[in-house]
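Asker: First, the structure itself, so that you have it in front of you.
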Amino acid sequence: EDQVTQSPEALRLQEGESSSLNCSYTVSGLRGLFWYRQDPGKGPEFLFTLYSAGEEKEKERLKATLTKKESFLHITAPKPEDSATYLCAVQAGNNRKLIWGLGTSLAVNP
Amino acid sequence: DTGVSQDPRHKITKRGQNVTFRCDPISEHNRLYWYRQTLGQGPEFLTYFQNEAQLEKSRLLSDRFSAERPKGSFSTLEIQRTEQGDSAMYLCASSSARERTRDRSFFGTDTQYFGPGTRLTVL
């Protein structure tokens, strides 16, 4: 069965303290892995799409990487405004539905 | 702003009433998705349109739920005889991807862009 698991469930960092979020997946025929950011009461905001193992993408303080079994979202020198829930999803085969993880809730203290 | 928009943003209703939500996708996108999300969970797929055709509907979706996209642009999601268990955030997303007409397999990856959501509370 296709599955996406995110860890940790929650993470609290001090401003400037770099860390990584993990997204492990088990799917047949990965077509793409997506990272989204979600603020309370709002819809998910698209961050990155990764297509194949070895691919990396960066945006400001965020960097996403992909292997054959997992993806990492690295946050460098986070700021309080980076506090949010980070969701990972995968698309596999010819299935248009996204398979979602439960997210990592990130809190960055000033 | 050319993002996905949803209306209303919040809806409070009494059990048994009907509600209807609207979604306006990004203008050039041919695909439109509806999801439901409850606290602490990822979005749960409800249904999906390619242009005006509803191509897939979740087995979790009861007959009380219906969605339309009559002209391949905006979409509506109606919930009849609402129940307290329907309380959730209803999310709409749109995307653009090319399909092979032969077997509807699609090129590339289908990056979905989400709207702000409609928060439904059923009392």
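Asker: For labels at A:Lys63 and A:Glu15 in the simple 7 Å Cα→Cβ model, what's the distance in nm?
Answerer: With each label point 7 Å from Cα toward Cβ, the separation is 2.3 nm.
Asker: Measuring from label point to label point, each 7 Å out along Cα→Cβ, what is the B:Thr111 to A:Ala53 span in nm?
Answerer: 2.4 nm
Asker: Provide the net charge surrounding A:Ser28, with neighbours chosen by a C-beta distance below 11 Å and charges set as Lys +1, Arg +1, Asp -1, Glu -1.
Answerer: Residues close to A:Ser28 contribute a combined charge of -1.
Asker: A further question on this structure: Taking 28 Å as the cut-off for C-alpha to C-alpha distance, list the pairs among A:Lys42/A:Lys79; B:Lys14/B:Lys57; A:Lys57/A:Lys97; A:Lys97/B:Lys11; A:Lys42/B:Lys14; A:Lys68/B:Lys57 that go past it.
Answerer: A:Lys68/B:Lys57
Asker: Go ahead and run the numbers for FRET between B:Arg81 and B:Leu39, Cβ-Cβ distance against an R0 of 25 Å, rounding to 0.05.
Answerer: For B:Arg81 and B:Leu39, the calculated efficiency is 0.60.
Asker: Now, a different point. Counting pairs of alpha carbon atoms under 8 Å apart in space and at least six apart in sequence, what relative contact order in percent does chain B give?
Answerer: Worked out over chain B, it gives 35 percent.
Asker: While we're here: Out of all DSSP beta bridges with both ends in the protein assembly as shown, state the antiparallel percent to the nearest 5.
Answerer: 90 percent
Asker: By accessible area of protein heavy atoms, probe 1.4 Å, what ranking do B:Tyr113, B:Tyr33 get, highest first?
Answerer: Result, largest first: B:Tyr113, B:Tyr33.
Asker: For the residue pair B:Gln17 and A:Ser28, what label-to-label distance in nm results when each label sits 7 Å from Cα along the Cα-to-beta-carbon direction?
Answerer: 4.6 nm
Asker: Round to the nearest 0.05 the FRET efficiency obtained for B:Glu56 and A:Ser7 when R0 = 22 Å and r is the Cβ-Cβ distance.
Answerer: Efficiency at R0 = 22 Å is approximately 0.15.
The values are calculated or read from the model by the stated rules, or taken from the named source; none is laboratory data. All values derive from a computational prediction rather than experimental measurement. In this analysis, Cβ positions are derived from the backbone assuming ideal geometry, glycine residues included, and neighbour counts consider all displayed protein chains. Calculation scope for accessible area: heavy atoms of the full protein, side chains included, ligands and nucleic acids excluded. Shrake-Rupley method; radii C 1.70, N 1.55, O 1.52, S 1.80 Å.
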